[in-house]
Amino acid sequence: MKGVRTLRAALLGVGGGLLWLGCAAPTGGWDVARLLEERPDVAAIAGARLGDLTPYPALLDGEIALITCRYAFPGAIRVRGGGPGWPPTWAHEALGGFEAGIPGVAFVELEVADPRPAEIVIRSLEEATAEGPRGLADTLTECDVRPAGSTAGGRSDGVRSGRGKVRGVLLRSEVRIRRTQPGVGQRVHRATREEWTAALLHELGHALGFVGHVTSGRSVLTRDEFLLREFARRAIRGEAVRMPSLEALYAVEPGRVLGRADLAPEARVALSRFRRRLDEMVALLGEGSGARASAGDRSALLVWRWPSGETLRLHFPAWRRQLREGIPLDLWWQESADRKGPGG
């Protein structure tokens, strides 16, 4: 039973985003039913739970849009792992089972010394008390939500784009995964091969852009630790682990707009002030890197950065709950690292 408790703790600690990552039926403004009507090929994927996905935020035509985000193709997704206690064989097994479960998705495992940048970085943490996830693992993601078709210097907030589309392409993901956890009393529990592989399979689902957890069905995105351990055993045996919800996500174009968020009155005022300040910053400093989004189990974040070190951050403190419950969103904004804007 120790392993069950350990894996359950890992899932409770799965956190998201530039916010470290995590489902009821959606009621908060995004229309998955319409998407499935338009894409019968996606609707035909048996077992897919695309409606359980928590969307990413984007500032589009002056409103907060709800979008999908994933890695773009062609090309394999480069993965680099390492750190204290890194088990390369286990990681290879997890990646192999995962890769075989999603048509068109391919991984390239980079050596530590390989100079090429990795889209997914997996950091192994040996010490049970080292700073990191509350459980075995968690995931951070960052999505490019600039207007579709813009260049690096293109209009980054989408306010004047008029295109009604954003890129919705993942730029990077980072998974933190432990080898050990505090056990009963003063003991330390070392994750088994099965527990560790199950946790990594689950986190890779988040790293590929699926925020949240499915409410039913057989998926690596479940919170069911027994099912996750079954998937881990399959990966260890070299078998494919089918992932219908991720298959559905990767069948949809990046940056698919699922709807627009309703804002609380104070949030609408704050967003208007934020947009004015963003325009001022762009006029003063140029376009910068453009908008980047992350979303997690609780909150979501939009960030604009400039080479000078200046930043603007748009925070959605109860993103997932308010979307799920159909509650108008709260938001506040922050300039640089320590100056909070109106509405905070």
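Any idea which of 272, 299 is closer than 12 Å to residue 64 by Cα and of a type in the set (S, T, N, Q)?
272
Among the residues in segment 178-195, are any among the basic types (Lys, Arg), buried (at least 18 other Cβ atoms within 10 Å of the Cβ) and farther than 30 Å from residue 147 by Cα?
For segment 178-195, residues among the basic types (Lys, Arg), buried (at least 18 other Cβ atoms within 10 Å of the Cβ) and farther than 30 Å from residue 147 by Cα: present.
If a residue must be more than 23 Å from residue 249 (Cβ to Cβ) and surrounded by fewer than 16 Cβ atoms within 10 Å (Cβ to Cβ), how many such residues does segment 86-106 contain?
Qualifying residue count for the region: 3.
Over 19 Å from the mean Cα position of the chain (by Cα), at pLDDT 90 or above and under 29 Å from residue 145 (Cβ atoms): is that true of residue 31 in this structure?
Working: over 19 Å from the mean Cα position of the chain (by Cα): yes; at pLDDT 90 or above: no; under 29 Å from residue 145 (Cβ atoms): yes.
Judged against the criteria, residue 31 is not a match.
Go through segment 207-235 and give me each residue that's crowded, with 24+ Cβ neighbours inside 10 Å, in contact with a His (Cβ under 6 Å, 6 or more places away or on another chain) and over 14 Å from residue 194 (Cα atoms).
221, the sole residue that qualifies.
Considering only residues that are basic (Lys, Arg) and outside any helix (DSSP H, G or I), look in segment 209-253 and name the one that is farthest from residue 71 (Cα to Cα).
Taking segment 209-253 as the starting set, the residues that turn out to be basic (Lys, Arg) are 218, 223, 229, 233-234, 237, 242.
Pick out the ones that are also outside any helix (DSSP H, G or I) and you get 218, 223, 237, 242.
Working: 218: 23, 223: 24, 237: 27, 242: 19 Å.
Among those that are basic (Lys, Arg) and outside any helix (DSSP H, G or I), it is 237.
In a helix (DSSP H, G or I), modelled with pLDDT under 80 and farther than 15 Å from residue 245 by Cα: which single residue out of 3, 97, 75 fits that description? Steps first, please.
Values: 97 fails: modelled with pLDDT under 80; 75 fails: in a helix (DSSP H, G or I).
None of the other options fit; the residue is 3.
Go through (1) touching a Pro at 6+ places or on another chain (Cβ under 6 Å); (2) crowded, with 20+ Cβ neighbours inside 10 Å; (3) not acidic (Asp, Glu) one by one and return the number of the condition residue 264 breaks.
(2)
State all residues of segment 281-304 that are part of a loop (DSSP other than H, G, I, E, B) and of a type outside the set (Lys, Arg); if no residue qualifies, say none.
286, 287, 288, 289, 290, 291, 296, 297, 299 - these are the residues of segment 281-304 that are part of a loop (DSSP other than H, G, I, E, B) and of a type outside the set (Lys, Arg).
I'd like the full set of residues that are closer than 20 Å to residue 45 by Cα and assigned to a loop (DSSP other than H, G, I, E, B), limited to segment 180-208.
208
For the condition aliphatic (A, V, I, L, M), touching a Pro at 6+ places or on another chain (Cβ under 9 Å) and buried (at least 18 other Cβ atoms within 10 Å of the Cβ), what is the one hit in 323, 278, 246?
Only one candidate qualifies: 323.
Condition test on residue 86, is it in a helix (DSSP H, G or I), more than 18 Å from residue 243 (Cβ to Cβ) and either modelled with pLDDT of 90 or more or in contact with a Leu (Cβ under 7 Å, 6 or more places away or on another chain) (or both)?
no
The values are calculated or read from the model by the stated rules, or taken from the named source; none is laboratory data. Keep in mind that this is a model prediction, so the values were computed, not measured. Backbone-built Cβ (ideal geometry, glycine too); neighbour counts: all protein chains shown.
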